[in-house]
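Here's the structure we're looking at; comments come further down.
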Amino acid sequence: MDYTNIAPIAQEVFEFEPAKSTEMIIPGNIVEKGVLISPSGMPSFRQDGVPELKTIERNYGTKDSPRRNICYIHTFHGHLIDPYMDVPCYCPACCRQLADNGTSACTLAHLPQGSSYTHIEVKRRRVRCTNPKCNYNYTYPIDFKADGHMITQPLLNFTEDLLSYGTMTLKTISHLTGLNKNTVKDIHKAMLQEKYTVDGKGKELIKPEKYARYLGIDEFKLHDGHKYATIIINLETGYILHLAHGKKKASVYEFIDRVGEEWMSHVEAIACDMNSDFEEAFHERCSHIHTVYDFFHIVKNFNDKVVSEVRKDEQQRLISEDRKDEAAALKHSKYILMESAETRAQKDRDAAEGKLVSKASELFNKPEVKQKGGHAEKYSKLISENELFLAIDIVKEALQEAYKEKSVGRMSSKIKDIIETCRGTENEHFLWFARLLENHFDGIVNHARYKISTGKVEGVNNLVKTERRTGYGYPDDEYFFLRLMDASRKKSRF
């Protein structure tokens, strides 16, 4: 007998093909009362009898605060439809005929039915080689089993659908599907790796979908203990392009190496805070990119390092001169000094109209709070009594006017005037702010050329906080970063 062609034939036989779906016709006298029969979505599965019902106790709370409830599990017993039952099969190793070797049972989690969970117990055929010297054996695969998990493919699809909505936590989906929370997380991580990594292997992030003209970069707190991460986004779309541990130059180098110099050649400007490492890293590798410091960070530095400190110094001076009443008047003046003229005028108008800041609540004995007026009057009194407060007012107004300019030359001139004003006060805090403007002069005046800001970056930072708070923290940083990338691109499914 010629055995040369038997092994390839046997190999083809072992490539299991699921049975084709046919219309289900079940005589009424076979179905017991109270049992519904419907297609399972698994054509190769044949159910044997009615499901078995059992109860288990499941903890829906935490380890420290358990909340145990009774859950119902319906177990459906059945077997695989074997299309090769009557076809001779041969060993791929020695080409001898294979013989039956019993069955193997496997239990898979399946789609839930309301508040009850379901399991599928599948019996499948096993075969072995009839050659005593050959140890080959084979168990027929389950075509509807999800790869990497002891669940059915329909349940995997259902779990992925729930995850794709992006509105439910892992714990909620775990309760709905009956799966362990870590299993749901593994399914979601695999989905995100397939979407955002090369070949879906989770080893390297894919390149951005399209070129970007403007980038935004910032760092955010990742964990306690001064653990930070760097985030880079496309300012036009708001998409997160890169995430990396740390807040050093290496994070920028890593991003440039990943996207390539050709991709970076399309970037014109980048908005960032006063972190000099980011600016230097981009200039070292991509000298054509302009850095832009937006109005928000300049004003924040002015408020924190000048306005607040000058007010504290003035309070201490008045106390040392035994003018305690005047010092007490400055106690609640911090935000009045920081506010713009438009904000003060709006608050005074709201007070005149009797606008409510917060409503009263009888249930919790909360009083009604109305907007208070007199902001403009109090501000005028403050700057009239102190020359440094007047200088604060002049610098703030000058900054607002400078950032409205569309000409680099005119904005440069106005920023230089602000520097001279700060130096003229001879106050240490104003002198610090003058040095800040000088050291970041080019990045500040670039705002006249590129009207971009870190507003979207700050919005993404809020997204980071929301994602972390929703999931009560994610110890797996890789999964957390993938979630953030997906959340920045999330479109409503409704």
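The values are calculated or read from the model by the stated rules, or taken from the named source; none is laboratory data. Every value quoted in this text rests on a predicted model; they were computed, and no experiment measured them. As a convention, Cβ positions derive from the backbone with ideal geometry for all residues, glycine included, and neighbour counts pool all protein chains shown.
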* Structure fact -> How many residues of segment 90-116 are crowded, with 17+ Cβ neighbours inside 10 Å and more than 17 Å from Lys145 (Cα to Cα)? The answer is 6
* Those residues of segment 163-174 which are touching a Leu at 6+ places or on another chain (Cβ under 8 Å) and surrounded by fewer than 18 Cβ atoms within 10 Å (Cβ to Cβ), in sequence order -> Met168
* To do: Please work out which one of (1) at pLDDT below 95; (2) farther than 30 Å from Ile270 by Cα; (3) assigned to a helix (DSSP H, G or I) is the condition Glu194 fails and give its number.
  => (2)
* Look through segment 436-484, keep the residues that are β-branched (Val, Ile, Thr) and farther than 27 Å from Lys227 by Cβ, and return whichever of them is surrounded by the fewest Cβ atoms within 10 Å (Cβ to Cβ). => Ile452
* **Residue within segment 342-351 that is surrounded by 14 or more Cβ atoms within 10 Å (Cβ to Cβ), touching a helix residue (DSSP H, G or I) at 6+ places or on another chain (Cβ under 9 Å), without any contact (Cβ under 8 Å) to a residue 60 or more places away in the chain and not in a helix (DSSP H, G or I) present** => no
* Asked: Based on what the data block shows, is Glu342 under 29 Å from Arg449 (Cβ atoms) and at pLDDT below 90?
  -> yes
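Would you point out which residue out of Leu192, Leu163 is within 17 Å of the chain's Cα centre (by Cα), in contact (Cβ under 8 Å) with a residue 60 or more places away in the chain and not assigned by TED's automatic domain parsing to the domain that holds Gly443?
Among Leu192, Leu163, only Leu192 is within 17 Å of the chain's Cα centre (by Cα), in contact (Cβ under 8 Å) with a residue 60 or more places away in the chain and not assigned by TED's automatic domain parsing to the domain that holds Gly443.
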* Restricting segment 177-229 to residues that are small (Gly, Ala, Ser) and crowded, with 19+ Cβ neighbours inside 10 Å, which is nearest to His447 (Cα to Cα)? -> Gly216
* Structure fact -> So the helices (runs of 4 or more DSSP H) completely within segment 232-296 holding 1 or more residues that are surrounded by 21 or more Cβ atoms within 10 Å (Cβ to Cβ) and touching a residue at least 60 places away in the same chain (Cβ under 8 Å) are 276-285
* Asked: When you go through (1) over 39 Å from the mean Cα position of the chain (by Cα); (2) assigned to a loop (DSSP other than H, G, I, E, B); (3) at pLDDT 85 or above one by one for Lys331, which number turns out not to apply?
  -> (3)
* Show the residue pairs that are 6+ apart or on different chains and have beta-carbon atoms under 7 Å apart, the first residue being within segment 309-322 and in the same structural domain as Leu431 (by TED's automatic domain parsing) and in a helix (DSSP H, G or I), the second being basic (Lys, Arg) and modelled with pLDDT under 85. => Arg311/Lys334
